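Read through the structure below, which is laid out as structure tokens, and then see the notes.
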Amino acid sequence: MKVVVIGTGHVGLVTCVALAHLGHQVAGTDSDGEKIALLQNGIPPFYEPGLEEHLSEGTASGRLSFHPEINDVVPGAEVVIISVGTPPRVDGEASLFAVERSAREIARHATRPILVAEKSTVPAGTAVRLRAIIERERPDLEFDVVSNPEFLREGRAIQDTLEPDRILVGAETPGAFEAMRRLYAPLIANGVPLIETDVATAELAKHACNAFLALKISFANALARICERAGADVVKVADTMGSDPRIGRAFLDAGLGYGGFCFPKDLSAFERLADKLGWSWPMLTEIARINDDAVGAVADKVVNALWNLEDKRVALLGLAFKPDTDDVRFAPALALAKLLLSEGAHVVGYDPKASANAKAELPDLEISLDPYEAAAGSHCVVLCTEWNEFRALDLPRLKGALAFPIVIDGRNLFDPETMRAHGFTYYPTGRQPVLPDRAAT
Ligand code: UDX
């Protein structure tokens with residue numbers, strides 16, 4: 001099929017390479033000319049495992065190309081996927097400005113019957129608006145609007161797109177369902193379940209999934225606060241809960257909380273949608289409050305361990321909002337860094353991929369080239385992002401570099417007994433700390 005993808009961010013670009021891989025003729029376009037120039041030279045504008053290889057595969061096959069102008073690619077397209085950003089407005093509502101502008105451009109330039117697919121996460125009711133915009137702009141145009149949300153995770157985006165748990169399509173006509181089945185035919189043939197619903201249900205299901213996953217994380221973080229006070233172990237509580245298949249173990253890891261460009265903004269957009277529909281849902285506010293508190297709880301541990309932060313140097317290991325990405329948007333590590341800087345600490349950070357983005361977002365943060373350089377002379381280390389590289393840290397070397405042998409584990413990456421054996425003072429999350437044995441020293 002001849003497919004256009006508008007917006008080459010994380011979701012849009014991965015969609016481009018995946019659909020080209022499945023055999024479609026894909027043209028990606030973006031209002032950011034610099035991004036398009038990079039892509040035309042085969043350079044991914046962000047780090048995502050496997051993306052560069054898929055990008056070269058697509059361009060080499062002649063099935064994937066990138067263009068700065070929408071009007072160059074929409075003529076002749078059968079399917080146009082809207083994958084532009086829906087950033088939060090001041091009140092948390094999703095801004096749909098770019099979505100509306102895309103619909104208008106599609107209507108202006110379409111030259112044949114066309115299927116418009118929403119892939120950006122949008123509030124229920126957006127497709128109705130899109131339909132009205134396109135009709136107003138081009139009363140003569142034959143078109144359909146479908147919702148086709150993406151469930152990909154950064155860091156595993158290619159795999160999540162080519163081997164998804166399910167494909168969700170919300171549509172209103174048999175023709176639209178049929179076209180979407182053709183788009184995903186190779187995946188459906190491989191046994192990927194296809195869920196077909198009306199459009200509003202698909203739009204809402206995406207918000208529901210993200211809100212529920214965020215709820216699980218915040219539940220685990222609230223439990224962590226209670227476990228710390230009750231002398232219990234949140235990892236074992238989560239394991240116990242997770243062994244009940246009705247609950248499931250995934251997304252019950254307590255720590256610094258969730259970040260990234262999806263959960264925080266989708267949660268507030270979902271809450272605004274509920275308000276607009278006349279049913280307020282304060283539970284969604286509470287999820288976000290517990291998430292903010294998770295960063296505060298780690299900051300409190302730093303203060304508790306070091307007392308006054310002026311003249312103290314704190315090393316943060318991991319700056320990306322999660323491993324295997326260079327994305328620092330809403331990263332808990334940066335929220336923590338801001339808190340510590342505001343208390344007068346000197347904050348130094350190391351991340352395998354996200355250092356440049358972190359520095360651009362927070363110029364007061366000093367960047368180190370490796371974890372040991374970050375630790376050198378620091379009064380404590382805070383593990384913020386559970387990169388695999390940190391599992392293999394040389395603990396005696398880390399301890400030797402530190403001014404005080406204190407590790408605060410914001411992701412429960414380390415084993416408390418190993419930390420005890422290496423002589424660290426160790427503060428995990430929702431588990432009991434390993435404190436210095438005064439009698440022995
Ligand atoms: C998420 C959804 O998983 C995906 O389906 C959707 O399409 C986009 O949003 P992503 O933001 O890439 O994907 O990351 P994800 O792996 O879901 O993690 C989100 C955040 O939650 C990360 O900051 C992660 O560190 C945190 N997290 C995750 C926890 O704190 N605890 C957990 O148990 C799981």
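Our compactness index for the stretch 355-441, the C-alpha radius of gyration over the empirical 2.2 N^0.38 Å, is 1.14. Using a cut-off of under 20 Å, list every residue of the stretch 61-85 whose amide N is near the label point 7 Å from the Cα of Leu38 along the Cα-to-beta-carbon line. In the stretch 61-85, the label zone of Leu38 (backbone N under 20 Å from the point 7 Å along Cα→Cβ) covers 64-70, 83-85.
Exposure check, 1.4 Å probe, all protein chains in place: Glu196 carries approximately 80 Å² of accessible surface.
Averaged per residue, the stretch 107-162 has 42 square angstrom of accessible surface, using a 1.4 angstrom probe with ligands and nucleic acids left out. Largest GNM mean-square fluctuation across Ala117, Ala254, Ala403, computed for the chain with C-alpha springs under 10 Å, falls on Ala403.
Each helix, a run of at least 4 DSSP H residues, gives -39500 (n - 2.57); summed and divided by the residues of the chain, these come to -13500 deg cm²/dmol at 222 nm. Once the gyration tensor of the Cα atoms in the stretch 68-186 is diagonalised, the equivalent ellipsoid follows with semi-axes of 22, 19, 14 Å, ordered largest first. With the whole protein complex present, Asp72 retains an accessible surface near 100 Å², based on a 1.4 Å probe.
Residue ranking by accessible heavy-atom surface, 1.4 Å probe, largest first, among Thr201, Thr126 comes out as Thr201, Thr126.
To two decimal places, what compactness ratio does the chain give when its Cα radius of gyration is scaled by 2.2 N^0.38 Å?
Details: Rg = 23.8 Å, N = 441, 2.2 N^0.38 = 22.2 Å.
Taking N as the residue count of the chain, the ratio is 1.07.
Accessible area of the stretch 280-405 with a 1.4 Å probe: how many percent of it is carbon plus sulfur? Answer for the stretch 280-405 is 53 percent, counting heavy atoms of protein chains only.
Taking the Cα centre of each part, how many Å lie between the stretch 180-246 and the stretch 359-436? If you average the Cα positions of each part, the centres end up 29 Å apart.
How do Arg289, Arg104 stack up against each other in accessible area, from largest to smallest, with a 1.4 angstrom probe?
Values: Arg289 125, Arg104 65 Å².
So the residues, ranked largest to smallest area, are Arg289, Arg104.
The stretch 309-352 has equivalent-ellipsoid semi-axes of 21, 11, 5 Å, by the square roots of 5 times the alpha carbon gyration tensor eigenvalues, sorted largest first. Lys338 contributes about 90 Å² of solvent-accessible surface, heavy atoms of the protein only, 1.4 Å probe. Here Lys276 is the anchor, and the lysines within straight C-alpha reach of less than 20 Å, apart from those fewer than 8 places off in the same chain, are Lys206, Lys265. With Cα atoms defining each centre, the stretch 1-66 and the stretch 122-155 are spaced 21 Å apart in the structure.
Running Debye on the stretch 1-79 with equal point scatterers at the Cα sites and no solvent, what base-10 log of I(q)/I(0) appears at q = 0.16, 0.26 Å⁻¹? Here the Debye-derived log intensity ratios amount to -0.47, -1.34.
The values are calculated or read from the model by the stated rules, or taken from the named source; none is laboratory data. Please read these numbers as outputs of a predicted model, since none were measured by experiment. No Cβ is skipped: glycine too gets one built from the backbone with ideal geometry, and neighbour counts run over all protein chains shown. Just the protein is used for accessible areas: all its heavy atoms, side chains included, with ligands, DNA and RNA removed. Shrake-Rupley method; radii C 1.70, N 1.55, O 1.52, S 1.80 Å.
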